[in-house]
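Taken together, the values in this text are just the output of simple stated rules run on the coordinates, not laboratory data. All values reported here derive from a predicted model rather than from experimental measurement. We place every Cβ from the backbone using ideal geometry, glycine too, and count neighbours over all the protein chains shown.
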Amino acid sequence: MDLSKRLQKVSEMVPMCHTVADVGTDHGFALISLLKKGKIKKGIASDNKAMPLEKARRNAEEEGQSEFMSFRLGNGFETLAPGEANGAILAGMGGILMVELLESARPVVDLFDFLLLQPAQNPEILRRYLYQNNFEIMDEDLVQEERRFYEYFLVRVSKKKMDPNPSICDYSIGNILLEKKHPLMKVYIESKIQELTVISEKIHGTTENAKIKMERLNHKMTELRRIRDEYLC
Ligand SMILES: C[S@@+](CC[C@H](N)C(=O)[O-])C[C@H]1O[C@@H](n2cnc3c(N)ncnc32)[C@H](O)[C@@H]1O
């Protein structure tokens, strides 16, 4: 089994425990890797489509791990009973879908000891949701694979309110990544500035709406440059 750099980090960040559910499992590689490393004893592979789940079952059989896994078809966390797993993985789907899945299953989600979240898009939307909905971000990481960056959040549900200060740059910058002075942070911020530059070049016209959009983009780019220069030089 050839694990991508992105999935290797998922497997590395999941804490050692008994049972982990992988929601949106597809190939099942994250759980298979955790089982093979001995980090977990049981994996619940869940997906809302039959074909990916079948793929996970086949891969688990090939890797000799199928007896330690169960395979469940259904939407999000609906396949899990509250308290059944110590923690869950949501990886490779968009941040907006992750928010929907988390929010619609709080009785199950609130009982996890941890969640490992790796959004494929919109990490800032996920981060905002986490800050505003009683999650504690215990760790964050960042991986670059080919030209893409992937953010990781190890979180748990917490009664204490998170400090609003980490909402840096409209939640697009992770406070923990910044504190760690993550080695990829500088290039990551530069890639974000580049993305915003491309968007700003496409804004034409002198309407009030266009002006507001430009102001917002300029403000965000200035903030990103300030953070890059203040924290990472
Ligand atoms: C891009 S794959 C990611 C697979 C794997 N988690 C990874 O990180 O490589 C997304 C998977 O999520 C599944 N999925 C999408 N929406 C879902 C939902 N609402 N509930 C459960 N699974 C879902 C898809 O069928 C697909 O297998």
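Points worth noting:
- Per-residue ellipticity at 222 nm from helix content only, as computed over the chain with -39500 (n - 2.57) for each DSSP H run of at least four residues, stands at -13000 deg cm²/dmol.
- Here the dipole of segment 185-231 is about 60 debye; that uses its Cα centre as origin and unit charges on the Cβ of Lys and Arg (positive) and Asp and Glu (negative).
- Close amide H partners of Val157, meaning residues 5 or more places away or on another chain with modelled amide H under 5 Å apart, are Glu136.
- Amide H partners (placed H, <5 Å) of Asn122, local residues excluded: Gly95
- Burial ordering of Ser46, Ser70, fewest other beta-carbon atoms within 10 Å first: Ser70, Ser46
- DSSP-defined beta bridges in the chain - what % are antiparallel, rounded to 5: 40 percent
- The chain - percent relative contact order, Cα under 8 Å, separation 6 or more: 14 percent
- Restricting the trypsin sites (Lys or Arg not before Pro) of segment 99-148 to loop positions (DSSP other than H, G, I, E, B) with no more than 14 neighbouring Cβ atoms within 10 Å leaves Arg147.
- Gyration tensor (alpha-carbon) shape descriptor, segment 185-231, a/c threshold 1.5: oblate
- Loop-located GluC sites (Glu not before Pro) in segment 93-158 (DSSP state not H, G, I, E or B) with no more than 12 neighbouring Cβ atoms inside 10 Å: Glu146.
- Using alpha-carbon coordinates, inclination of helix 208-231 to the longest axis of the chain, degrees: 70 degrees
- Mean separation of Cα contacts under 8 Å, 6 or more apart, over the residue count of segment 84-199: relative contact order %: 23 percent
- Residue (of Cys17, Ile32, Ala45) at the positive-pole extreme of segment 5-171, dipole from beta-carbon charges: Cys17
- Distance between modelled label sites at Asn48 and Glu84, nm, 7 Å Cα→Cβ extension: 1.7 nm
- In segment 37-71, the trypsin sites (Lys or Arg not before Pro) that fall in loop regions by DSSP, at most 12 other Cβ within 10 Å: Lys49
- Computed from the C-beta positions of Asp229 and Lys39 and an R0 of 41 Å, the FRET efficiency is 0.55 to the nearest 0.05.
- Efficiency of FRET between Glu62 and Asp170 - r from beta-carbon atoms, R0 41 angstrom, step 0.05: 0.40
- In this calculation the C-beta distance from Ala120 to Thr206 is compared with R0 = 41 Å, giving a FRET efficiency of 0.70.
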